[in-house]
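Some notes on the structure that comes next.
What follows is calculated from the coordinates using simple rules that are stated; it is not laboratory data. These figures come from a predicted structure and were not determined experimentally. Every residue, glycine among them, receives a Cβ derived from its backbone with ideal geometry; neighbour counts consider all protein chains shown.
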Amino acid sequence: MDFNHTEERRMLADSLRRSLERGADWAALAELGVLGALFTEDEGGFGGHGFDIAVVFEELGRAGSAEPVLEAGLAGGLLADAGRADLVEEIIGGGLKVTLAHFEPGLRYDSGPITTAANDGQLSGRKSFVTQAEGSDRLLVSALKDGEVELFLVDPADAGVTLHTTPALMGGTISEVTLDRVAGEAVGNAHTLQQRLAAATLAVCADALGAMDVARDMTLDYLRTRKQFSVPIGKFQALQHRMADVAIEIEMARSAVINAAGHLDAAGPTRDRHISAAKNLIGRTARLVAEAAVQMQGGIAMTEEYALAPVTRRLIAADHRFGDEDWHLARFMRLEA
């Protein structure tokens, strides 16, 4: 089987890499068409499938970008499923930033049951782990209405919305959101939430893969230039063996991302089984690569000023987005059984 990307995806990856090297921001990414790659042609984009998502987020992870592209894909996908083509068009064009506010305190990584409620068009409740809420134009909030999970657009500047925001380990921000009788615009139900969360989990896996490549390359450069006893430390057999182990683990992670991307459009149980298998492996490998990079590069790798610091933070954080390795292992076993 040929796992190479199509010519169009290679062109997208090359263009995206060059733009990110020049410091592309949200507007530049939208102008390049990156946001359109997250949506199918029927939704107004030109991609939307597993390998399109993997291509985009591997480059974003490689560049360490903190732009809210994942949030656009997740919230925008739910809006597309709800038939809001007008809002999806705005997102693709870069004129609208939306982030999903679904997870709640006490749920850990489970997606429900939620307690936020919608009564008479007003929302009340709490949401946790809302990424990039600060700077978003709208929050896409899930709430219970007549026993069903519905989606509502909320203005984060509304007086009834309180954001408790801190810098996120993976870059950007993360917020706890409190809603106190906030007016929300109903956009539809959340019946495709699991499908969209699967795509977002694939995005995190591909992002981590890109960051792993950076950590590996930085470590190789260090081993080739740092000298001890007048020879590069990369000549030492123990470090060569360890670096070989890291390279093998990264290639296994790459295979897992390819497998997950290929099964993203499969039926729910099959899709989720492969997504969980990939996320479990990515979580373990990301931590291994981060630890190995720090240990082989020595004391300088522990400093905040060194370029490796944001890469290792991104790798560690990857395990905690949309379920850590233990949570996905448990889900994989349930689905396999």
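What the Cβ-Cβ distance of GLN237 and ALA159 gives, at R0 = 56 Å and to the nearest 0.05, is a FRET efficiency of 0.30. Each label point was placed 7 Å from the Cα along the Cα-to-Cβ direction; for ASP221 and HIS191 their separation is 5.1 nm. Available extension along the chain between ASP14 and ASP245 is 80.3 nm, counting 0.36 nm per residue and deducting the alpha carbon span.
For the chain, the membrane-span-like helices by this rule, meaning whole DSSP H stretches whose C-alpha atoms cover at least 27 Å of axis and whose Kyte-Doolittle mean is 0.0 or above, are 193-225, 237-262; this says nothing about an actual membrane. For the stretch 19-112, what class follows from the C-alpha gyration tensor (a ≥ b ≥ c being the square roots of its eigenvalues): rounded when a/c is under 1.5, otherwise prolate if a/b is larger than b/c, else oblate? Cα axes put the stretch 19-112 in the oblate bin.
Counting Lys and Arg as +1 and Asp and Glu as -1 over every other residue whose Cβ lies under 13 Å from the Cβ of SER65, the net charge comes to -3.
Just tell me which lysines come within less than 27 Å, Cα to Cα, of LYS127; anything on the same chain fewer than 8 places away is out. The qualifying lysines are LYS97, LYS145, LYS279. Were the residues from GLU304 through ALA27 laid out at 0.36 nm apart, the gain over their Cα-Cα distance would be 96.9 nm. Amide hydrogen proximity for LEU100: with H placed 1.01 Å from N in the peptide plane, the residues at 5 or more positions away or on another chain lying under 5 Å are ALA75, LEU140. Averaging the sequence gap over all C-alpha pairs within less than 8 Å and six or more residues apart, then dividing by the number of residues, gives the stretch 1-93 a relative contact order of 28 percent. For LYS235, a cut-off of 19 angstrom between C-alpha atoms picks up these lysines, skipping any fewer than 8 places away in its own chain: LYS227. Oblate is the label for the stretch 57-107. Its Cα gyration tensor axes, ordered a ≥ b ≥ c, give a/c of at least 1.5 and b/c at or above a/b. Take the Cα of ASP110, step 7 Å toward its Cβ, do the same at SER230, and the gap between the two points is 6.5 nm. Which net charge results when you count Lys and Arg as +1 and Asp and Glu as -1 among the other residues whose beta-carbon is under 12 Å from that of LYS127? With Lys, Arg at +1 and Asp, Glu at -1, the net is -1.
Between rounded, prolate and oblate, where does the stretch 62-202 land on the alpha carbon gyration tensor, with a ≥ b ≥ c its root eigenvalues, rounded for a/c under 1.5, else prolate if a/b exceeds b/c?
Working: a/c = 1.36, a/b = 1.20, b/c = 1.14.
Rounded.
Each peptide among 234-244, 272-282 gets the average number of other Cβ atoms lying within 10 Å of its residues, and from highest to lowest they stand as 272-282, 234-244.
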